[in-house]
Structures are given as C-alpha cells and as structure tokens.
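Taking it in order: structure first as structure tokens, then the write-up.
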Amino acid sequence: MTSGYFITGTDTHVGKTWASIALMQYFKRQAKVVVGMKPVAAGCMLSDSYEGGGQYLCNEDALLMQTHASLHQSYDLINPYAYELPVSPHIAGVDDPVDFAKILECFDALKASADIVIVEGAGGWHAPLNAQQDIGDLAKALDLPVILVVGIKLGCINHAKLTYQAIQQSGLACAGWIAACVDGDMLHRDENIQTIKAALSAPLLGVLPHMLTADFDLLAEQLVINQ
C-alpha cells in the first residue's frame, strides 16, 4: 500500500480540503492510521492557542485535517508554512520562502506514525511556491501518487484536461480524480462529469455532492479507491 497521496486541484476553491478529509475518513474506515498535511497555506489567521504557548499563524483547512486525523499531530508538522496574506505563496512568503527540505522532514515525521498521509496542495498544479518551484515540483519531491480534484463548474472540462496533462508530463502516477460539485447551480452537471470521465484515462474515484456544510462521513461514502 502507498504511504500516501498528493491532492491537487484544477484551481483554488475547488473542494480540495473537503476531498482530502473525505479521503482521510475513507481510509480510517479501513482501519488505517491516517494523518493529513497541508504543507503551504496562505490567508492564515493569528491564533493564541498554540500547543507550546504563545501566538502563531494557523490555517482553517490545516486545522480541519488535524482534527480529523487518526491521532494528534503537532500543527507545525501539518502546516510548516503558514502565511498571513491571502495571496500566492511565492508572494506571501517572500521573506520566508518555502524550503522543500523542511516539508520533506515534516512529511517523514508524519509518515513514521501513520499508514497513510494525505497531503493537500495549494491552488492548482502550477501555483508557484517560491521563486523557482511550484506545486507540481512539490508533488515530485514527495514522490506520491496524485489524486486530482476537479471543481465541477463552468470551465471544468478544460481545466481538468490541462491539469491531468500536466500531471502526466511530470511522470507521477495519477491514482484517479474526484468530481467535487462546488456549484449548486451548475447546468448539465452530470454531462460535464461524463465528458471529463471519457477524456481522462485515470479512474473517477467518486462524485462529491454539493453541500453547504460538510458531512465528511457522507462524502467518504462516495469514494472508492482501488489500491
């Protein structure tokens, strides 16, 4: 069994976090020890509840992953790079740029205590993380199979094809894709999903219904992953 998956998306705000936590719940139901990781996050807020005392920047998505893990992990391991400004990480982190060595160290620490680590990317596949490297480079450094989250909304067919093509060109295995129905008013939703299914050679792992409030157990029930 793989030690984890890298979760990327067709863009930002396409349901990557909900899909990541649904995957965590899915594997927990299989009696696996599962933890989540969001290596880089922007738009973080200052918290005064740091485990070691004092204040720190934290990300809502990373906190959700911490909460839904099989066992408690230090926030610093889950989200080693938390930036305050809600902008691209290479801009938000200009004074503290992302260093892959630090992320790999945190990943190895998480992997040592878990069967599966679900790693959520930031933005889309080519979103820059520092002056030289992007999300795709991070996925390659972690050397994990990729799961693509497609936000089902206008333009999703083009975005899905382009992102899948980029994943293939990276040389990484794509374990499959998840359709996240982020637009409750999407016209011909099923037809769009079927068009993407026909276009991508990777399997469709599940369709996550549109929800205003996440029910992660329900979302996990929509997934089927063959390992």
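The values are calculated or read from the model by the stated rules, or taken from the named source; none is laboratory data. Since the structure is predicted, the reported quantities are computational estimates derived from the model, not experimental observations. We place every Cβ from the backbone using ideal geometry, glycine too, and count neighbours over all the protein chains shown.
Summary of values
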{"read-out": "Conditions (1) touching a Cys at 6+ places or on another chain (Cβ under 8 Å); (2) modelled with pLDDT under 95; (3) of a type in the set (S, T, N, Q); number of the one not met by Q227", "value": "(1)"}
{"read-out": "Scan of the range 112-138 for residues that are within 30 Å of G184 (Cβ to Cβ) and not charged (D, E, K, R), ordered by number", "value": "I118, V119, G121, A122, G123, G124, W125, H126, A127, I135"}
{"read-out": "Some residue of the range 77-86 being crowded, with 20+ Cβ neighbours inside 10 Å and hydroxyl-bearing (S, T, Y)", "value": "yes"}
{"read-out": "Count of the range 93-144 residues which are part of a loop (DSSP other than H, G, I, E, B) and over 27 Å from K32 (Cβ atoms)", "value": "14"}
{"read-out": "Answer residue from the range 99-139, given it is among the aliphatic types (A, V, I, L, M) and in contact with a His (Cβ under 8 Å, 6 or more places away or on another chain) and is farthest from L162 (Cα to Cα) among those", "value": "A131"}
{"read-out": "Residue in the range 60-76 that is surrounded by the fewest Cβ atoms within 10 Å (Cβ to Cβ), counting only those that are touching a residue at least 24 places away in the same chain (Cβ under 8 Å) and of a type in the set (A, V, I, L, M, F, W, C)", "value": "L71"}
{"read-out": "Test: residue in the range 36-48 that is buried (at least 21 other Cβ atoms within 10 Å of the Cβ) and in contact with an Asp or Glu (Cβ under 6 Å, 6 or more places away or on another chain)", "value": "yes"}
{"read-out": "E120, sole failed condition from (1) in contact (Cβ under 8 Å) with a residue 24 or more places away in the chain; (2) surrounded by fewer than 22 Cβ atoms within 10 Å (Cβ to Cβ); (3) within 24 Å of S74 (Cα to Cα)", "value": "(2)"}
{"read-out": "Where N192 falls short, out of the listed (1) modelled with pLDDT of 95 or more; (2) under 28 Å from N59 (Cα atoms)", "value": "(2)"}
{"read-out": "Tally of residues being in a helix (DSSP H, G or I), more than 22 Å from A166 (Cα to Cα) and of a type outside the set (A, V, I, L, M, F, W, C) across the range 183-227", "value": "4"}
{"read-out": "The listed residue being touching a strand residue (DSSP E or B) at 6+ places or on another chain (Cβ under 7 Å), touching a residue at least 60 places away in the same chain (Cβ under 8 Å) and not aliphatic (A, V, I, L, M), out of G151, G176", "value": "G151"}
{"read-out": "Some residue of the range 45-54 being at pLDDT 95 or above and among the hydroxyl-bearing types (S, T, Y)", "value": "no"}
{"read-out": "Exclusive hit being basic (K, R), more than 14 Å from A42 (Cα to Cα) and either at pLDDT below 95 or under 15 Å from the mean Cα position of the chain (by Cα) (or both), set K153, K102, K140", "value": "K140"}
{"read-out": "Top-ranked residue in the range 169-182 [being surrounded by 12 or more Cβ atoms within 10 Å (Cβ to Cβ) and in contact with a helix residue (DSSP H, G or I) (Cβ under 8 Å, 6 or more places away or on another chain); ranked as nearest to L142 (Cα to Cα)]", "value": "L172"}
